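Scroll down for the structure; my scribbles are underneath it.
The values are calculated or read from the model by the stated rules, or taken from the named source; none is laboratory data. Since the model is a prediction, treat every value here as computed from it, not as a measurement. Using ideal geometry, Cβ is built from the backbone for each residue, glycine included, and neighbour counts are taken over all protein chains shown. Heads up: the accessible areas ignore ligands, DNA and RNA and are worked out on the full protein's heavy atoms, side chains in. Shrake-Rupley method; radii C 1.70, N 1.55, O 1.52, S 1.80 Å.
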Amino acid sequence: MPDVQDQAGNEIPLSQPDADARRAASRRPSPRLIALLVAVAASGYAADQGTKAWAKSALEPDRSREFIGTLLQLRLTDNPGAAFSIATNATWLLTVIAIAVIAVTIYFARRLRSKPWACALGLLIGGALGNLTDRFFRPPGGGRGHVVDFLELPHWPIFNVADICVVTAACLIALLAFLGIGIDGKRADDTKTSAAEDAS
């Protein structure tokens, strides 16, 4: 059973209700981390929608303009598919997947106790919501709208800021999983040790 210490440093066993209360408190997300998640999501979403609005007003469709030499060019296209023009004939399915991703991410955010995870989930929500907005509010609309893409690398499909957010989130999540860091901020070894202590 978990212990606390008195002023003299002596360990005092916690009663079961106190121990349960501490475990419940540890499972609640930190308000600061939720605020960080929301800030990252809002920033990613605003950057995506802002750059798309600029691209629609400043660029001519399917005409390339150098931005960083030939390394990064600007080329406005309307993409009915997913990130990097994948699955162009499955627009409705992509809309449903995006909604599901946002819903699942919000659900798991209840266990959020890690800054890197807050950033990763915020980027994922912001990116998914950015492209989802295009699905509903750009022609032909109704969940079948075309996503605005305008960033082009050599030998790479055209993409947008929302795609960057989603891919960055995926890479960060993969890194955290590789390092064994859970959404609650604990490493896998720490979780096993805590479970063993609770069982003793």
In this structure, is residue 173 at pLDDT 95 or above, touching a Gly at 6+ places or on another chain (Cβ under 8 Å) and not polar (S, T, N, Q)?
-> no
Would you pick out the residues in the stretch 113-128 that are buried (at least 22 other Cβ atoms within 10 Å of the Cβ), hydrophobic (A, V, I, L, M, F, W, C) and touching a helix residue (DSSP H, G or I) at 6+ places or on another chain (Cβ under 6 Å)?
-> 118, 120, 121, 123, 124, 125, 128
So which pairs qualify, if the first residue must be in the stretch 134-153 and closer than 23 Å to residue 47 by Cβ and in a loop (DSSP other than H, G, I, E, B), the second must be acidic (Asp, Glu) and open to solvent by 60 Å² or more (accessible area, probe 1.4 Å), the Cβ gap must be under 9 Å, and the two must be at least 6 apart or on different chains?
-> 138/78; 139/78; 145/78; 146/78
Looking at residue 105, is it of a type in the set (Ser, Thr, Tyr), in a helix (DSSP H, G or I), modelled with pLDDT of 85 or more and in contact with a helix residue (DSSP H, G or I) (Cβ under 8 Å, 6 or more places away or on another chain)?
-> yes
